[in-house]
Structures are given as C-alpha cells and as structure tokens.
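Okay, so here's the structure we're looking at.
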C-alpha cells in the first residue's frame, strides 16, 4: 500500500528542493530567515515610543538643570502615564520580538545577522535606560 504522506515525510531520499524546504519549521510555511525579518521589524517598531520618551527625558533633564520651571512637578508628573504606556508597549512588542529573534538565532546559527544583534542590544538598552536614568538622577546628580 502506498503512503499518503507527502514525499518530504516518507523514507525516500530528499531532493535538493526538498532539503531546502525541510528547513521550514513545524509546517508554518515560513523560513527561519523570514521569521527573523519579521522579528526585526517588530523590534524596530516596538522601540520607537520608548526611544522618543527617553530622548524627551534627557532633553528635559538638561533643560531643567539650567532653568527653574514654573511648576516644578507638573511636567514630569503629567508624563508618567505616557511613559508607562510606552514602556509597556516596548516591553511587550520589542521585548518579545527580541526573545523570539534570540531563539531563532540560537536554533539556527547560520541565520545570524548584525542587524538583529544590534536591534536586540538596542532593545535591551532602551528597556534598561529608564532605570539607569533614575539611578543617575537619584545618586549621581547633585
């Protein structure tokens, strides 16, 4: 009786096309390289809100050191909500995409790229930066 399984899943030797297509994981229909590109795009989109907020925070801290604001607590307090939302968005989108990218590269080392490594490092730096800025403001600035 003949097997009803596709040729890739039978005992027959694989052709060159079948060997290339056998790198597709778990029948999802996407190559690892395509998954890595999607993870990179999601990381890039995910870091944008927190990157804008960190740039605003650095600009605000450099401005406030030279001038005394009219309402000293108003501006930072009003930005707590947008900061929290941007941090949650970055952690959810870019953080999970960085973990996914790391898992893909760990599973298939030939798919490494400098862009993915740079985006993972930038995501980690942005997720650590609010805590680092708090540490600098709390303990190192006069």
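The values are calculated or read from the model by the stated rules, or taken from the named source; none is laboratory data. Note that the structure is predicted; figures quoted are calculated from it, not measured. FYI the Cβ positions are ideal-geometry reconstructions off the backbone, even for glycines, and counts take in every protein chain you see.
For the condition in contact with a helix residue (DSSP H, G or I) (Cβ under 8 Å, 6 or more places away or on another chain) and modelled with pLDDT of 85 or more, residue 43 qualifies. Applying the selection to the range 117-133, what residues are over 13 Å from residue 94 (Cβ atoms) and either in contact (Cβ under 8 Å) with a residue 60 or more places away in the chain or under 8 Å from the mean Cα position of the chain (by Cα) (or both)? 130, 133, listed by residue number.
So is residue 96 surrounded by fewer than 17 Cβ atoms within 10 Å (Cβ to Cβ) and in a helix (DSSP H, G or I) or not?
yes
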